[in-house]
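To start, the structure itself, in structure tokens.
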Amino acid sequence: MTVKWTKTALANLISIVEFIERDNPERAKSFAMEIQSKTNRLTEFPSIGRPGRVTGTRELVIHPNYIISYRVRGDVVEILRVQHVARRWPKRL
């Protein structure tokens, strides 16, 4: 099983890391590594996340403030979005 990030998910992650980096560059770096570590776990345990709010997806809390949405297609885990928990969840991904 492999993990593939969509362009949207990568843009979400970069935006979050850049926001954190303004105040705390070290925390931004450790946050990015933490996210990478947690998403890499999906290669072995793709069903670890809860069923998603959008049909056909799953959600994984990767930090108390952030959730990733993803879907499993064959032997690929596709990361669809990284989102702050306070934001309104989209109807489609």
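Just so it is clear, none of the values below were taken in a lab; they were calculated from the coordinates. Worth saying up front: this structure is predicted, and the values here are computed from it rather than measured.
Compute the angle between helix 7-23 and the longest alpha-carbon principal axis of the chain, please, reported from 0 to 90 degrees and rounded to the nearest 10.
Rounded to the nearest ten degrees, it is 20.
Cα axis of helix 25-40 to longest principal axis of the chain: angle in degrees, 0 to 90, nearest 10?
Tilt of helix 25-40: around 10 degrees.
With an 8 Å cut-off on Cα pairs and a minimum separation of 6 or more residues, tell me the relative contact order of the chain in percent.
Working: 126 pairs, mean separation 30.1, N = 93.
The value is 32 percent.
How much length, in nm to one decimal, is gained on full extension between Thr55 and Val72, taken as 0.36 nm per residue of separation minus their Cα-Cα distance?
Details: separation 17, 0.36 × 17 = 6.12 nm, distance 1.21 nm.
So the chain would gain 4.9 nm between Thr55 and Val72.
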